[in-house]
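Please treat every number below as a calculation from the coordinates, not as lab data. Being a predicted model, the structure only gives us computed values, none of them experimental. Cβ: placed from backbone, ideal geometry, glycine included. Neighbour counts: every protein chain shown.
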Amino acid sequence: MQKKCENCGKVLNIPDDKIPEGKTVVVTCPSCGEKIRIKKEEDVFDFEEDSSDIPDDFPDESDNNSIKKEDKAGDNNQKDDKSLDFPDNDEAEADPFDFIEEEGLMAMVCIEDPDIKKEASKVLEYMDYSVSTPEDNNQALRELRMRGDFSMIVVDETFCCEEIKNNPVLRYIKRLPMRDRREVFVILVSRNRRTFERKDAFVHSVNIVINTGHMQKFEDFVKKGLTENENFYRNFKETLKKGLRF
């Protein structure tokens, strides 16, 4: 397959066997260093043959020899057609697949304050999350809708808005189906609310609240919240694995 870098426009020729089916991988553009995410959908085969899809002049076995000759001639023509080779002017650059990796846990940090955003991102990267830091609500919502695989979202209550009730990211989270919402750990960053205030967390459909004055203990609070969340849902998830539904 081919993938174009949105940053510099370079076209990468990607061997299909490099991308596991149903998985998301990250490729580093050799020209600009931009991270390119690629997902290969699993193949779905339909073995039912519809006679309407078969042309009337479909060749029988007696035409095999002529077909093979035509295919061979076509292969020779392709070798002469340099436009099919997609020449790369950066042949001396490193192979982008030297940097390919299967993508793990994804986190999104929706915070405007650069210091708080840096601190939160640093902690999550240390915890082996791949972190996305959208610049505004439009970019955040676009990534949430297109990807749908974020396991953690850290959002400032007034991210690109004046009041928490107008926060589009929080509204998006509230509207998630429960089966999807259970898979996302949401942290509300607040300047006025108390850290681990459970009532505020419940009202705004988040897992925990962390006050900006406690960002130096952000990692400890995140780990505590994740542990409590895992313990809360353990029996529920084990029941689901047994085939029961609620």
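Cα-based count: Lys pairs in the stretch 104-241 below 19 Å, eight or more positions apart or different chains?
11
When the expected Rg is taken as 2.2 N^0.38 Å, what fraction or multiple of it is the alpha-carbon Rg of the stretch 188-245?
Ratio of Rg to 2.2 N^0.38 Å for the stretch 188-245: 1.37.
Over the Cα atoms, compute the radius of gyration (one decimal) and Dmax (the largest Cα-Cα distance, rounded to a whole number) for the stretch 104-241, in Å.
In Å, with Rg to one decimal and Dmax whole: 14.1, 42.
Considering only the other residues whose Cβ falls under 15 Å of the Cβ of residue 198, what net charge follows from Lys and Arg at +1 and Asp and Glu at -1?
Taking every other residue near residue 198 into account, the sum is +1.
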